[in-house]
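Just so it is clear, none of the values below were taken in a lab; they were calculated from the coordinates. Treat the numbers as computed from the prediction; the structure is a model and nothing was measured. Because the Cβ atoms are built from the backbone with ideal geometry, glycine has one as well, and the counts that use them run over all protein chains shown.
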Amino acid sequence: MISRSRGAILDVGDNRWEAKMLWKIIGVVAVVWIALAVIGALIKGLFPILVISAVVFGLYLLYKAISGSDDNSVTKV
């Protein structure tokens, strides 16, 4: 069977290159999809921890400001 593509005559049995390219594209899309799913799950899981740690750090800074400590260093615990 013969098909016409861009003015050239190709044998239909010569579609191995096109099939390999299709599987490469499907593979890349699958890898990107899995990577985004993993990153999304990590962000969803770690976001509450980030918020809690920001609140605790803010409370710590508030305590240091109110306590009237002579030490003005924020990094010294």
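Below is a table of values for the structure above.
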read-out: Derived scalar couplings ³J(HN,Hα) [segment 53-64; Karplus, 6.51 cos²θ - 1.76 cosθ + 1.60; whole Hz; x for Gly, Pro]; value: 5, 5, 5, 5, 5, x, 5, 4, 5, 5, 4, 5
read-out: Distance between modelled label sites at Ile43 and Ala19, nm, 7 Å Cα→Cβ extension; value: 3.9
read-out: Gain upon complete extension [Leu61, Val32; 0.36 nm per residue less C-alpha separation]; value: 6.3 nm
